[in-house]
Structure formats: C-alpha cells, structure tokens
Amino acid sequence: MLNISAQRASGDVTRLKNLRQQGSFRAIFPRPVSGNVEAVIINTAGGVTGGDQFSTTVTAHENANISCTTQAAERIYGASDLNAGSIQTTLTAEQGAQLYWLPQETIVFDRARLRRRLDVHLHPRAKFLMVEPMVFGREASGETLRSAGLDDRVSIFSNRQSLYLDRFKFEGDIASQLGRPAVANGARAMASIVLAEQNAKLFLDPVRALLPSCAGASLLSETVLVVRILAADSFALRTILLPILKLLTNDAVPKNWRL
C-alpha cells in the first residue's frame, strides 16, 4: 500500500504533505524541478503474481503539482492458479492542481493473471495527464502469451460525472487474439494517453502530427484528449510515446523515461 499527497506551499512550490508506505510498494522523491513534486514508485517485490494485492493513492491538493512514475517496467508474472494479482490505483486532483500519472511499461508474461483498476477524480479546473503502456511478452526473449488473463479498467470522473471509461479483457491465448486485424493486427505493445484540461483541444493537431499510422488521437470533448497507440514491441512503443509526452508536459517528462 502506498499513499502520497502533495500541497501547495509558499510561492510556486509544491511540497509533500503525507506519505504512507506498507508492504513492497515504496516511493522515492528525486530533486524537484520547477517546485513540483516528482514521485518514483518502486515495487521491491520485483513484480506482481497471482494473489498479490497492491494499492496506490495519490492526491494533489488545491494548486499543487505532482508527477508520478515508476522506477522500471512493472512485471506481471505467471500465476500458479487462477487467482489474479490485483492493482488498485486512486488519483485525485483538486482545484487548480496538476497531476501526471506516467508509469513505465507493464510487461505481461505467459500464465499471468491480473485485475487492474485506475480510478481518477478531478476538479473541473484541474489538469490531468496519464499514460498506460502495456507490453505482451518480451519478443527479444521469445516469449509468447498462450495462456493468460487480463482485466483492466480506467475510470475518470469530474464532479462525479464520467469523463472517460475504458476497459479491456483478455482470456486464454492472448497472442492469437492480438493477431486479429480488428484487435491489434499482430502488435505486441499498446498504450493509451488521456489529457484532461481546459485547453486539451489545442493539442489535438500537434499530437496527430507525431503519430504513426498505427495510432490515433481524438477529442471526447473540448477538455478531454485521448490517444491510442499500437506498436510492434516496447522499444517501438517508447519511441512513439516520448515525443508526445514531452509535448503534453512541456518537456517535463520524468527522468526515468529518458534513460
């Protein structure tokens, strides 16, 4: 369990307000840039397997700025039975706050079972950016997902009204399912990006200019921009993602993404 909150201090400086750590989830805080809080989440267990339960709560209080990433890719290992690992993340951005949720890739191994939930609660005057990259096996290691289960959902609310709801479920031979032209056409990596802020529509054309043919961007409303990306592998996915994240964060991508 990991609980992080940040609050605005004097001037343009954001300070850490609360930090609670339990189990194998930990956070470190590199030297801040431009007065913001940057949290790097570490799973000291090395990954997630069947029966594991992880929860993270991050709150950006009024006018606070916080960016969260992970030290490395999260690995979802094979489970010994049908008992899925669980990852629950709850994010809150209050009025005038800025919250970036920018974890690195989640890598799914054969026989993995995962139930993941991301719930986001935003003030209408908050800025929120998220990316969720997922890689289905490591192609360079010859890994193929022939038996696995994934249940992933992202819910974003503003004033208790739904802004965005996305869910996908895979069961069984994921490699074959990804091979279908209407699913992923053989791609082994994918990502979703969501930007929720007052000026989101201004980024639509600049983001589209950065996208290859295997990706697309659209507006759900003038304040919600969504990007979908498919890629052959994790390297190709990161090559696509980094320029987009640099644009949407005004070149404030966490250092871990640049290593």
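Dipole of the chain computed with +1 at Lys/Arg Cβ and -1 at Asp/Glu Cβ about the Cα centre; of Gln71, Ala97, Phe109, farthest Cα towards the positive end is Ala97.
Give the Kirkwood hydrodynamic radius (Å, one decimal) of the range 1-152, defined as one over the mean of 1/r across all pairs of different Cα atoms. Show your work: numbers first, answer last.
Numbers: mean 1/r = 0.0618 Å⁻¹.
In the range 1-152 this quantity evaluates to 16.2 Å.
Couplings for the range 197-212, taken from phi via the Karplus curve 6.51 cos²θ - 1.76 cosθ + 1.60 with θ = phi - 60°, read 6, 4, 9, 4, 4, 5, 8, 4, 5, x, 5, 4, 5, 9, 8, x Hz in order; Gly and Pro are left as x.
With Cα atoms defining each centre, the range 43-115 and the range 185-259 are spaced 19 Å apart in the structure.
Longest exposed-loop-site-free stretch of the chain, with trypsin sites (Lys or Arg not before Pro), DSSP loop and at most 14 other Cβ within 10 Å? The longest such stretch corresponds to 1-145. Over the C-alpha trace of the chain, radius of gyration and Dmax come out as 17.7, 55 angstrom. The simple spin-label model puts a point 7 Å past each Cα toward its Cβ; for Gln71 and Leu242 those points are separated by 2.2 nm. In plain terms, the C-alpha convex hull of the range 1-72 casts an average shadow of 4.8 nm² when viewed from every direction.
Restricting to lysines 8 or more places apart or on different chains, can you count the pairs in the chain with Cα atoms under 18 Å from each other? For the chain, the number of qualifying lysine pairs is 4. In order along the range 244-251, the phi-based Karplus estimate (6.51 cos²θ - 1.76 cosθ + 1.60, θ = phi - 60°) of 3J(HN,Hα) comes to 5, 5, 4, 5, 6, 9, 6, 6 Hz; Gly and Pro are listed as x.
At a 10 Å Cβ-Cβ cut-off, how would you order Thr59, Thr14, Thr44, Thr144, fewest neighbours first?
On the way: Thr59 21, Thr14 25, Thr44 9, Thr144 14.
Listed from fewest to most nearby Cβ atoms, that is Thr44, Thr144, Thr59, Thr14.
Once the other residues with Cβ under 10 Å from the Cβ of Met134 are scored (Lys, Arg +1; Asp, Glu -1), what is the net sum? Please list the in-between numbers first.
On the way: positive: Arg116, Arg188; negative: Glu74, Glu105, Glu132, Asp152.
Cβ neighbours under 10 Å give a net charge of -2.
Computed from phi, the 3J(HN,Hα) profile of the range 80-91 under the Karplus parametrisation 6.51, -1.76, 1.60 (θ = phi - 60°) reads 7, 8, 8, 7, 7, x, 10, 10, 10, 10, 10, 10 Hz, with x in place of Gly and Pro.
Only the coordinates and a few stated rules stand behind these numbers; no lab work does. Because the structure is a prediction, the values reported are computed rather than measured. All Cβ positions, glycine included, derive from the backbone under ideal geometry; neighbour counts span all protein chains shown.
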